[in-house]
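The values are calculated or read from the model by the stated rules, or taken from the named source; none is laboratory data. Keep in mind that this is a model prediction, so the values were computed, not measured. FYI the Cβ positions are ideal-geometry reconstructions off the backbone, even for glycines, and counts take in every protein chain you see. These accessible areas exclude ligands, DNA and RNA; they are computed on the full protein's heavy atoms, side chains included. Shrake-Rupley method; radii C 1.70, N 1.55, O 1.52, S 1.80 Å.
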Amino acid sequence: GRAGVRVSVEASPSSRGWPGTAGFAAFEDAVGRAVAAAGDAMALCQFDRHWFGPGGLGALEACHGGPVGAGAVFDDGVLRIDPLFAPPGLRLSGSIDESTLPGLLAALRGLDDRAAHVCLDLAGVEFCDLAGLRALVGVNEWSIVPDRLVVLRSAPRCVEMMMRVTGWEGAPGIVHEGVR
């Protein structure tokens with residue numbers, strides 16, 4: 001029953017190190033002052049922490065009253081899958097194997113099938129079997145967007161090696177962003 005205004009600024013298409021990320025802190029500070037002046041208001045900000053170099057994220061976090069995170073979309077103690085919002089995608093941590101594959105497939109099917117690209121952050125992946133890799137590479141099978149990109153971010157060396165061995169390293173629509 002209250003009046004409100006929603007302001008949305010989309011910056012997800014920008015790549016890491018995108019010119020202008022240095023100005024995010026000033027923008028966030030200005031938004032914070034406007035929200036404080038409004039009295040009974042709040043703002044939620046979302047951004048990809050990978051856009052910012054060391055120290056850059058600290059200045060941005062200082063503009064906020066505290067962090068908020070979304071709950072895991074899957075967590076069975078072996079594999080944890082958290083949503084990413086900007087860019088859209090998933091952050092995976094743990095092991096991808098026969099026991100966790102149903103949870104992974106459900107999370108992949110739950111991605112926005114209209115997003116221009118999705119990011120799968122694999123920095124926390126310790127193990128991935130062939131069926132799991134097939135699911136990651138095949139995520140575009142559910143998309144209605146032609147030529148959608150799937151960004152595999154910070155894939156472990158074992159995943160990169162499996163991609164080379166299977167011939168999926170150059171699979172259409174798959175972009176590799178860093179190897180850990």
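In debye, nearest 20, what is the charge dipole magnitude of the range 74-177 about its Cα centre with +1 on Lys and Arg Cβ and -1 on Asp and Glu Cβ, if you could check?
200 debye
The heavy atoms of Cys45 offer some 50 square angstrom of accessible surface to a 1.4 angstrom probe. Taking amide H atoms as placed 1.01 Å from N in the peptide plane, the amide H of Arg91 lies under 5 Å from those of Asp82, Leu84, Asp121, each 5 or more residues away in sequence or on another chain.
The alpha carbon centroids of the range 132-180 and the range 63-124 are separated by 15 Å.
Residues Ile174, Ile144, ordered by accessible area of protein heavy atoms at a 1.4 angstrom probe radius and largest first, appear as Ile144, Ile174.
Backbone phi angles across the range 109-122, fed through the Karplus curve with coefficients 6.51, -1.76 and 1.60 (θ = phi - 60°), yield HN-Hα couplings of 5, x, 5, 5, 6, 9, 5, 5, 7, 10, 10, 10, 7, 9 Hz in residue order; Gly and Pro are listed as x. Positive end of the dipole of the range 74-177 (Cβ unit charges, origin at the Cα centre): among Leu133, Pro87, Ala107, the Cα lying farthest that way belongs to Pro87.
Relative protection proxy for 89-96, 77-84, from highest mean packing down: 89-96, 77-84 (other beta-carbon atoms within 10 angstrom).
Using alpha-carbon pairs under 8 Å, 6+ residues apart, how would you state the relative contact order of the range 74-177 in percent? Computed value for the range 74-177: 25 percent relative contact order. On a per residue basis, the range 74-177 carries 46 Å² of accessible surface, using protein heavy atoms and a 1.4 Å probe.
Surface composition of the range 74-177: carbon plus sulfur atoms contribute 56% of the solvent-accessible area (1.4 Å probe, protein chains only, all chains present).
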